[in-house]
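Participant: First the structure, which I've put down as structure tokens, then a few questions once you've had a look.
The values are calculated or read from the model by the stated rules, or taken from the named source; none is laboratory data. These numbers were taken from a predicted model, which means no experiment stands behind them. When we count neighbours, we look across all protein chains shown, and the Cβ atoms used for this are built from the backbone with ideal geometry, even at glycine.
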Amino acid sequence: MVNRETNTDKPKLLEAALAAISEKEIRRKVLVTLGLLLVFRFVAHIPVPGVNSDALQTIFDENAILGFLNIFSGGALENLSIAALGVYPFITATIVMQLLQPVVPKLKTLAQEGEQGRNRIQIYTMWLTVPLALFQAYAQLLLIQQFGGVSGFSLSGGAALVSISTILTMVAGTMFLVWIGERISENGIGNGVSLIIFGGIIAGLPRTISRGVLTGTSAAVSGLLLLSIITLLIVALIVTFQEAQRRIPVQYSRSQVKGGRVYRQQGQSYLPLRVNTAGMIPLIFAFSIMIFPPVAAQFLANTVDVGWIASVAEFVQSIMSPAAFPYWILVFILVVLFTFFYTMVVFQQQNLADNLQKQGGFIPGIRPGLPTQQYINRVLVRITWGGAIFLGFIAVVPFLATSITNVQALQIGAAGLLIVVGVVIDTMRQLEAQMSMRNYEGFM
């Protein structure tokens, strides 16, 4: 006999959302997060002095390189606003500091000193962000001037004062966004810097889709329908790989004294190794490198009159353009290489084998110490192949989807989708933790 009950309760997700909003502290955090994101979007529309808006619109529509750079700024670069650099100089500085920790003894020592050491590394990261932002602001303004978006940009002569003030304004905008991100992390929900990137991508999505509709072929409707299906499949794939783990069983030996006797107890747990440990970092590395050759070639073609240099520059532009097939082959290879590199660097910093041994833990059948480290490395290399190929595929999806659908609406790229899905999952987890502390059922 089947016992059927009529469930009149709201769906779990809706119930959890209502519970989150009804809780005063969580509601305050959500409102703080939304308010600061609105401030970010307001700042993204304040242009620096001396901008030709019509010329900027034209060159961003016609130039694939600048259009690609504009996507992750949420349109701020297209407006040449004071937030045109976004938070990417800070992200670059963070990556550099992570890579320097294994090779610089002082940084390695600070990383092992707990919260105080991490705070000191964060200060160093801020210091490194400023020169990186200065260089990026100068390079982007010089590049945009080459295409006619701005005029009179120079660090010498009568235009020097205006040019320097423009660069400093853009650097100040970046540091202001980083400050907003820290306020979100401390007083809101989620990782502040990630949410700023998320907000920029989402803000640029409607315009990207509308451009895809306008630039589509006569089969635009069917192409967009197919593109929507591909996008949903990509989101499902991203969620699968973001959550995929290889759990290594770990046993812990504990000693407990009872009645003058020592009893040994065994506890079992798991060491979770994520398939995609590197996240979006390899994508940032790869695209940062791939953007440089066509930009340099364009600069040389416009400034050097030597015939053979111009010919080489044109050839580089033809094969290294985001619309060219060789460009995406190199992107795929670089993403795979950087995934292995970054994953190995991160796990070397964690010293998993030593930490397990200090805590009295061991992997069944594996001796502690070096054999444990070698076993973890073997498992890590195997699962990283899956994560590396996944990230490489995610990187080239825009080219594949455009080839299939003849619609340019996926300029945001699956890399942007990876960021969006990752930020959403992380934010939901933090809401889950907040609600669990208050005895509510969460979203997941």
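Participant: Given the options Val162, Val96, Val193, name the one that is surrounded by fewer than 16 Cβ atoms within 10 Å (Cβ to Cβ), closer than 30 Å to Gln348 by Cβ and not aromatic (Phe, Trp, Tyr).
Facilitator: Val96
Participant: Quick one: is Thr174 of a type outside the set (A, V, I, L, M) and surrounded by 20 or more Cβ atoms within 10 Å (Cβ to Cβ)? Quick ask: steps written out before the conclusion?
Facilitator: Working: of a type outside the set (A, V, I, L, M): yes; surrounded by 20 or more Cβ atoms within 10 Å (Cβ to Cβ): yes.
It is true that Thr174 is of a type outside the set (A, V, I, L, M) and surrounded by 20 or more Cβ atoms within 10 Å (Cβ to Cβ).
Participant: Going residue by residue through region 210-232, is there one that turns out to be surrounded by fewer than 19 Cβ atoms within 10 Å (Cβ to Cβ), at pLDDT 80 or above, hydrophobic (A, V, I, L, M, F, W, C) and under 14 Å from Ala401 (Cα atoms)?
Facilitator: Checking region 210-232: at least one residue is surrounded by fewer than 19 Cβ atoms within 10 Å (Cβ to Cβ), at pLDDT 80 or above, hydrophobic (A, V, I, L, M, F, W, C) and under 14 Å from Ala401 (Cα atoms).
Participant: Identify, please: which residue in region 278-293 is among the β-branched types (Val, Ile, Thr) and surrounded by 18 or more Cβ atoms within 10 Å (Cβ to Cβ) and is, among those, modelled with the lowest pLDDT?
Facilitator: Pass one, region 278-293, residues among the β-branched types (Val, Ile, Thr): 281, 284, 289, 291.
In the following step, the residues that additionally are surrounded by 18 or more Cβ atoms within 10 Å (Cβ to Cβ) were identified as 281, 284.
Numbers: Ile281: 76, Ile284: 72.
Ranking the candidates gives Ile284 first.
Participant: Moving on. Restricting to region 380-398, name every residue that is within 16 Å of the chain's Cα centre (by Cα) and either under 13 Å from Thr343 (Cβ atoms) or among the polar types (S, T, N, Q) (or both).
Facilitator: Gly387, Ala388, Phe390, Leu391
Participant: Which helices (runs of 4 or more DSSP H) does region 1-105 wholly contain that include 3 or more residues that are under 24 Å from Leu141 (Cα atoms) and modelled with pLDDT of 80 or more?
Facilitator: Numbers: elements: 12-22, 24-43, 53-62, 64-71, 88-100.
It comes to 24-43, 88-100.
Participant: Mind checking which pairs have a first residue in region 273-300 that is assigned by TED's automatic domain parsing to the domain that holds Leu391 and of a type in the set (Val, Ile, Thr) and a second that is in a helix (DSSP H, G or I) and modelled with pLDDT under 70, Cβ under 8 Å, 6 or more apart or different chains?
Facilitator: That search, which allows pairs on different chains as well, returns Ile291/Ile65; Ile291/Phe68; Ile291/Leu69; Val295/Ile65.
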